[in-house]
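**Q** The structure is given below, and queries will be raised subsequently.
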Amino acid sequence: MSSLPVHHHRSLPLAAVAAAAAALLAAGTAHAGTAPASPPSGEVHQPAPAVDRSGFTLELGIGYGLTHLRAPLDRTANYSSLAGLDLGVGVFVTERTALSLRIAGTSFMTPGEDAGDAAFVAGFLGPSVQYWFVDRAFFSAGAGVAVFGTDDEMRRSELGGAFDVRAGYSLYAAGAHSVQISAELTRGFYAGNVAVDGLSLQLGWQLL
């Protein structure tokens, strides 16, 4: 795949994003097991606003991450990247489960074949299932189309297969709105045994 700007240097492991995802899952589990404190005698307890997960849902997210490229003959490259603006549009089929069409990915700049920098995008497009296993935390996964695009006229864009996984934690939720932090991995598979990973930490908003 000639469009990949890969070089011979050490591959960066995925441990950082995996650790972040594990921390988010652990935070959600810990929150689920924490009982609310009883108000002092004589005080009126004001319940937190109820979260309504039903019907149409919309997600937006943006963050920072890494794009990791791997080609045959141990050619690899890592690029600091922007994540987003990611988008998800779908519907809650149960109180805890949503089905969405998701667009996600990372982008970075690198010197082009001619003068100036070239922009690259490693993207994912496909259906995704989001499951809120506790009130504050969710996990989602999907599979679809991978796109590796560039504005460099000397390189061509590529299409392949992809999967996308996320783990997230809601920092604030009330009514139909949730502000959340998430860790996301997208992996694209292309011709010639080439793989492109997009790893990111994101701040997002979701209409529940």
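**Q** Restricting to region 47-101, count the residues that are acidic (D, E) and more than 17 Å from V134 (Cα to Cα). Before you say what the answer is, go through the steps one by one.
**A** Taking region 47-101 as the starting set, the residues that turn out to be acidic (D, E) are 52, 59, 74, 86, 95.
Filter again for more than 17 Å from V134 (Cα to Cα), leaving 59, 74, 86.
Count: 3.
A quick yes/no check of all residues on (1) farther than 22 Å from A119 by Cβ; (2) among the charged types (D, E, K, R); (3) touching a helix residue (DSSP H, G or I) at 6+ places or on another chain (Cβ under 7 Å); (4) in contact (Cβ under 8 Å) with a residue 60 or more places away in the chain:
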residue: V145; (1), (2), (3), (4): no, no, no, no
residue: G149; (1), (2), (3), (4): no, no, no, no
residue: E158; (1), (2), (3), (4): no, yes, no, yes
residue: D164; (1), (2), (3), (4): no, yes, no, yes
residue: H177; (1), (2), (3), (4): yes, no, no, no
residue: L199; (1), (2), (3), (4): no, no, yes, yes
residue: Q206; (1), (2), (3), (4): yes, no, no, yes
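**Q** May I ask you to verify whether S140 is touching a Phe, Trp or Tyr at 6+ places or on another chain (Cβ under 9 Å), more than 21 Å from L82 (Cβ to Cβ) and modelled with pLDDT of 95 or more? Step through it out loud before you land on a result.
**A** On the way: touching a Phe, Trp or Tyr at 6+ places or on another chain (Cβ under 9 Å): yes; more than 21 Å from L82 (Cβ to Cβ): no; modelled with pLDDT of 95 or more: yes.
So S140 does not fit the description; no.
**Q** Which condition does S128 not pass, out of (1) in a strand (DSSP E or B); (2) over 22 Å from L85 (Cβ atoms); (3) not β-branched (V, I, T), if it passes all the others?
**A** Among (1) in a strand (DSSP E or B); (2) over 22 Å from L85 (Cβ atoms); (3) not β-branched (V, I, T), S128 violates only (2).
**Q** Do you know which residues across region 101-117 are free of Cβ contacts under 8 Å to residues at least 60 places away in the same chain and part of a strand (DSSP E or B)?
**A** Within region 101-117, the subset free of Cβ contacts under 8 Å to residues at least 60 places away in the same chain is 101, 103, 107-109, 111-117.
Of everything in region 101-117, those that are free of Cβ contacts under 8 Å to residues at least 60 places away in the same chain and part of a strand (DSSP E or B) turn out to be L101, I103, S107, F108, M109, P111, D117.
**Q** Here's another thing I want to ask about it. Every residue in region 135-169 that is under 18 Å from Q202 (Cα atoms) and either among the β-branched types (V, I, T) or surrounded by fewer than 17 Cβ atoms within 10 Å (Cβ to Cβ) (or both), please.
**A** A141, V165, listed by residue number.
**Q** Can I ask one more? Kindly establish whether V121 is within 30 Å of L73 (Cβ to Cβ) and surrounded by fewer than 20 Cβ atoms within 10 Å (Cβ to Cβ).
**A** On the way: within 30 Å of L73 (Cβ to Cβ): yes; surrounded by fewer than 20 Cβ atoms within 10 Å (Cβ to Cβ): yes.
In short, yes.
**Q** Further, regarding this structure: Given W132, W205, which one is more than 30 Å from P72 (Cβ to Cβ), buried (at least 16 other Cβ atoms within 10 Å of the Cβ), aromatic (F, W, Y) and at pLDDT 95 or above? Can you show your working first?
**A** Values: W205 fails: buried (at least 16 other Cβ atoms within 10 Å of the Cβ).
Selected residue: W132, the only one of W132, W205 that is more than 30 Å from P72 (Cβ to Cβ), buried (at least 16 other Cβ atoms within 10 Å of the Cβ), aromatic (F, W, Y) and at pLDDT 95 or above.
**Q** Does region 87-102 include one or more residues that are in contact with a Pro (Cβ under 9 Å, 6 or more places away or on another chain), at pLDDT 95 or above and closer than 13 Å to T186 by Cα? Break it down stepwise before answering.
**A** First, pick out the residues of region 87-102 that are in contact with a Pro (Cβ under 9 Å, 6 or more places away or on another chain): 90, 99-102.
Right, trim to at pLDDT 95 or above and you get 90, 99-102.
Within this subset, residues satisfying the condition of being closer than 13 Å to T186 by Cα are 102.
Yes, region 87-102 contains a residue that is in contact with a Pro (Cβ under 9 Å, 6 or more places away or on another chain), at pLDDT 95 or above and closer than 13 Å to T186 by Cα.
**Q** If you don't mind, there's one more thing I want to ask. Quick one: in region 170-190, which of the residues that are at pLDDT 95 or above and aliphatic (A, V, I, L, M) is surrounded by the most Cβ atoms within 10 Å (Cβ to Cβ)?
**A** A183
**Q** Here is a list of conditions, (1) over 25 Å from D52 (Cα atoms); (2) over 14 Å from the mean Cα position of the chain (by Cα), and G84 meets all of them except one; can you say which number that is?
**A** Single failed check for G84: (2).
The values are calculated or read from the model by the stated rules, or taken from the named source; none is laboratory data. Fair warning: this is a prediction, and the values are worked out from it, not measured in the lab. Cβ coordinates were reconstructed from backbone atoms using ideal geometry, including for glycine residues, and neighbour counts include every protein chain displayed.
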